[in-house]
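All remarks here apply to the structure that follows.
Derivation of every value follows stated rules applied to the coordinates shown; laboratory data play no part. Keep in mind that this is a model prediction, so the values were computed, not measured. We place every Cβ from the backbone using ideal geometry, glycine too, and count neighbours over all the protein chains shown.
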Amino acid sequence: MNSLERMLDTFAGESVDRLAVQPIFMTLAARLHGVTYSEYLLDHRVLVEAQLRMIEAFDVDVLTLCSDPCRETQDCGADVKWFADQPPAHDPLDPFLKDKSQLLALKQPDPLGGGRMHDRVNGAAYGRQQVGDEVPVLGWVEGPMAQAADMRGITEIMYDVVDDPCFVEELFEFILEMETDFAKAQLDAGAHLIGIGDAAASLVSPAVYSEIVFPYEKRLVDAIHALGAPVRLHICGNITGHLPKIAELGVAMIDVDFLTDMADIREKLGPGPAILGNLDPVKYFLHSPAQDVKTALAECHRQSVTKFIVGAGCEIPPGAKPANVRAMAEYAREAAVP
């Protein structure tokens, strides 16, 4: 059974030869490949080759194109701050849509227009050339709340959901079209599935999530499904209060951060989605012995019951101990599966 088959059979609730291993590697992949993170981000070939090295070194079951939250906003015309060896960032004091009226004149970026979105699309094509249908190529888009925070600023969008929900809905409509187009371009190029990263959604109340954020996440998930691809949802942070609505999204897989109680996850999500998580990346990959990684994964697996995918609650940090990273695949091979 290859990695793509293992993932798809897990999603379907069918028997697999071993657990799938799908942690998020970004900064660690660049470091072990011997390049700066800016080099990793600016050339899809470097990113894919670093991901291939992680697959070979740590026996993981995914080639991840997720990299940074600036691609879409930058292609809309925003300036970002670049650093030699860490992710770029938006200026929190000067967000792209500091003036809300700018949204009215904003044009949709072309994901094939030669910008950073196009580089990720090229990464999907290059990655698929390298792995074929042996390993799933994970494309990536920003969710509505995360992308709104990138464009408007995290502080401003938090005020907006209370003070100006009509503007938020207009911005979410723009984002929905942009991310659907971006997902389609990646899938057309070769991605097998799409991840939606919506970390900022964990910061709003369950009521705001249900009334404002969820409808647009649902529409984005449905749009990707209409393109013929499964969806992996990533909302780091505490999403315990959001779980009843997340259960309605219909995603194939959800990443669960360590701040969310794993005991609640399967009960509130039901039997549908595969669950990855929810190890604390810093505790278990920087500060613990490798055996503790296996022990913690075993407990997560026990609580998930079925459709469990091995990984941490969020990105594996760049200083992770190699033995601890290898422990994920070791547990996947040793664990009992249906």
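Give me the one-decimal Kirkwood hydrodynamic radius in Å for the range 33-185, with the sum taken over alpha-carbon pairs.
Numbers: mean 1/r = 0.0608 Å⁻¹.
When all Cα pairs of the range 33-185 are included, the Kirkwood radius is 16.4 Å.
The modelled label-to-label distance between V162 and A247, using points 7 Å beyond Cα along the C-beta direction, is 3.0 nm. Solvent-free Debye calculation, one equal scatterer per alpha-carbon of the chain: log10 I(q)/I(0) at 0.06, 0.10, 0.11 Å⁻¹ equals -0.19, -0.54, -0.66.
Among the listed pairs K107/K184; K218/K294; K184/K321; K81/K107; K218/K283; K107/K218, those whose Cα-Cα separation exceeds 26 Å are K218/K294; K184/K321; K218/K283. Full extension of the chain segment joining L286 with K218 gains 20.9 nm, where the gain is 0.36 nm per residue of separation less the Cα-Cα distance.
May I ask you to compute the full-extension gain from E177 to D110, defined as 0.36 nm times their residue separation minus their alpha-carbon distance, rounded to one decimal in nm?
Numbers: separation 67, 0.36 × 67 = 24.12 nm, distance 1.11 nm.
Extra length from E177 to D110 when fully extended: 23.0 nm.
The dipole here belongs to the range 3-334: it is taken about the Cα centre, uses +1 on the Cβ of Lys and Arg and -1 on the Cβ of Asp and Glu, and is about 800 debye. When both the range 134-172 and the range 1-63 are represented by their alpha-carbon centers, they are found 26 Å apart.
Would you order L227, L193 from fewest to most other beta-carbon atoms within 10 Å of each residue's own beta-carbon? Don't skip to the answer; put the middle values down first.
Numbers: L227 14, L193 24.
Taking fewest neighbouring Cβ atoms as first place, the list is L227, L193.
Ordering M7, M262, M253 from the fewest to the most neighbouring beta carbons within 10 Å gives M262, M253, M7. Fully extending the segment from D9 to S205, taken as 0.36 nm per residue of separation minus the present Cα-Cα distance, adds 67.1 nm. Note on the chain: GNM, Cα springs under 10 Å; of A290, A327, A57, the largest mean-square fluctuation is that of A57.
For the chain, DSSP calls about 5 percent of its internal beta bridges antiparallel. R116 sits among other residues whose Cβ lies under 10 Å from its own Cβ, and their net charge, with Lys and Arg +1 and Asp and Glu -1, is -2. Sequentially through the range 23-40, phi angles give Karplus couplings (6.51, -1.76, 1.60; θ = phi - 60°) of x, 8, 10, 9, 5, 5, 4, 5, 4, 6, 7, x, 10, 6, 5, 5, 5, 4 Hz, Gly and Pro residues having no value and appearing as x. For L233, the residues 5 or more places off, or on other chains, whose built amide H falls under 5 Å of its own are I196, M253, I254, D255.
The mean sequence distance of close C-alpha pairs (under 8 Å, at least 6 residues apart), as a share of the length of the chain, puts its relative contact order at 20 percent.
Most exposed first by the Cβ proxy, i.e. fewest other Cβ within 10 Å, how do V141, V221, V48 rank? Let's see the in-between values first.
Working: V141 29, V221 21, V48 25.
Ordered from fewest to most neighbouring Cβ atoms within 10 Å, V141, V221, V48 come out as V221, V48, V141.
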